[in-house]
Amino acid sequence: MDSPPAASPAPKVYKVGTLTYTRGRLIQVMFWMLWGDFIFQLLESMPTVTPLLLRWHGASDTLIGLVGSLSSIVAFFWYPVVATQSDRYRSKLGRRRPFLLWFAPPVMISLVLLGAVKPAGVWVHGILSSLGNDSVTVAGCSIAWIMVFVVIFLLFNAYIVQVFACLVADVIPVEVMGKFSGFYRAIGALGSLAFNRWIFGWVEAYTFHVYLLIGLLFAGAFSLIIWNVKEGEYPPPPPKAPGGPLGAIKEYLQTCFRHRFYLTFFTVTLFFWTSLVPLGFVVFFGTSAGKAGYAPTLNLSLQEFGEVKGWTFVVQMVIFFIVGFFVDRFHAIRVAVAGMFLTTVTYFCCYWFVDSKHTLLIWWSLNQAAIAVYLGSAMAMGPRLLPRERYGQFVSANLIYGMVGLILAPPAIGWLLQRVADYRYVFIFCGVLTGLAFVALLMLYAQWKRYGGDASFAPPDPVAKTSHAVTP
C-alpha cells in the first residue's frame, strides 16, 4: 500500500508584537517603508538649502549660523515631548500612524511656503509699505519669512522624524531587522545621492518648483505608508506621572537616565556622534584650504577631493546592502563592536599612511566602509535592546546624548586644531573618540550577556531601583 504523500512544510511566519506576516506580506511592508525612507531622505536634504536661501537674500554669516543651530535646539528640547506623546497614544490606527496623518500636511505646507520666499518677500514688503512702514526692505521681509517657516517646519517635522523611526521598530520583526536596517541605510544614501546629483543644482533657478516637488512627493509617499502599513495592538500605556508637566519631565529623566545599561547605550552614541565633528575638518586636510602656519595638506583641488568623497559613498552603499545579513546572523551588538573596532583602527591608519590622493582614497574608503558596518548594525540595536513600550522615549533620550556631543565638540575641536596646527590630527581625534565608543560598546556587550544574551535577553526595567542580571 502506498504511503500518503508527505505534508508540505508550513510557510514561514514572521511576528512582531501582535502582527503576523507571511513572507510576501513582510516584503510588501518593507517595500513601503523603504520607499518612504527614500522620499524621507529627499525631504531631510532640503534643510541644507536653507543657508543658501538666506545668503541669496543677504543674510549675514552670524544669522545663517543662528538659523542653522535651530534644528539642534528643537531636537534637544522638542523630540522628547514628541516621542513620549506617540509612545502613550492609542487609536484604531495605532500609536504612530495618526501622527504621520496629522503632521504630514503641515510639513508639506510649511515646506512649500518656505520655497515661495521670493514672491512672499515682495508681498510682505508691499503690505508693510502700504501701512506706512518704509524702513523695511524686500530682503529683510524675505529673511523673516524664511526664519518663520523654518521654525514651523522643524516643529512639525520633529513628529515625522521621531514617529517614522519608531514605526520601524513597531512593524518590522526583530529577526529581519538587520537586513532591513542595511537596506534602509542604503536606500537612504541613494536618496541623498539623488538629491545632490539631480535636484540640488536646480534650486537657485527653480526654488519654488523644487520645494513643491519634494513636498508633494513626501505627502504622497507617507499617505501610501499610512494606507498600506498596519500597526498591531499595544498594551495600555503606563499611568501618567503626577505633577503635570514638571512631573512628566521628572519621570522622563528618572526613567531614561537611571539604569546603567541604558546609560552605557547612550554613551556609545555620545562618543560616536562626537567623532563626526572633527571628521568635518578633513576637507581642510585634503585640499589647499589650510591656514598659514599649519602643517602641509594634501593640496587637492575641490574637484579631486569631491571625487574621493564620492567613492566613499559608493563603498558605504555596498556595505549597507551586505551588513544586514551579518546582523541577523550574529546579532547587531556583535557586528557593531566589530564595526567600531575597524573604524578606530582605520582612523589611525589614515593618520599614519595618507600622503596622497591615492592613499586618501584607499584608507578613507576603508574607514567609511567600517563606519557603514557600525551604522548598519546600530540601527538594529535599538529595537533589540531598548524597551518596546517606551521605545520612542528612549530613542529621544539617546538623541539627547548625541546632541550634547554635537553641541560641545565643535569649539573644543577648533581649539585643539589651533594648538596642534595640523589638520592631519583630525584622524587622531576621530580615532580617540571612536576608541572610547568601542570601550563603551564592550561594556554594553558585557551587560547584555549578563542579562541573558542570545538565549534570554529582555530589556531591563528602566525604573527598577536594583537590577538583577541573569546568572549562568
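Packing here is the average count of other Cβ atoms within 10 Å per residue, and on that basis the peptides 237-249, 340-352, highest first, run 340-352, 237-249. Segment 23-64 and segment 207-254 have Cα centres separated by 17 Å.
Placing dummy labels 7 Å off each Cα toward the beta-carbon, the span from Leu128 to Leu66 is 1.4 nm. Summarising the label geometry, the points placed 7 Å from Cα in the beta-carbon direction at Trp352 and Val136 lie 6.2 nm from one another.
Kindly rank 441-454, 384-397 from highest to lowest mean number of other beta carbons found within 10 Å of each residue.
Listed from highest to lowest mean packing, they are 384-397, 441-454.
Straight-line cross-link partners of Lys15 among the aspartates and glutamates, defined as a Cα under 19 Å from its Cα and at least 8 positions apart when in the same chain: Asp170, Glu175, Glu231, Glu233, Asp328, Glu389, Asp454.
Label-to-label distance, Gln418 versus Ile322, with points set 7 angstrom from Cα along the beta-carbon direction: 4.3 nm. Among Met317, Met177, Met403, the ranking by other beta carbons within 10 Å of each residue's beta carbon, starting with the fewest, stands as Met317, Met403, Met177. Entry note, the chain: the mean residue ellipticity at 222 nm calculated from DSSP H runs of n ≥ 4, each adding -39500 (n - 2.57), is -25000 deg cm²/dmol after division by the residues and rounding to the nearest 500. Pairs exceeding 21 Å between alpha-carbon atoms, taken from Lys92/Lys179; Lys309/Lys357; Lys12/Lys179; Lys92/Lys230; Lys12/Lys449: Lys92/Lys179; Lys12/Lys449. Report note on the peptides 70-78, 164-172: ranked by the mean count of other C-beta atoms within 10 Å, highest first, their order is 164-172, 70-78.
Only the coordinates and a few stated rules stand behind these numbers; no lab work does. Because the structure is predicted, anything quoted here is derived from the model rather than measured. Cβ: placed from backbone, ideal geometry, glycine included. Neighbour counts: every protein chain shown.
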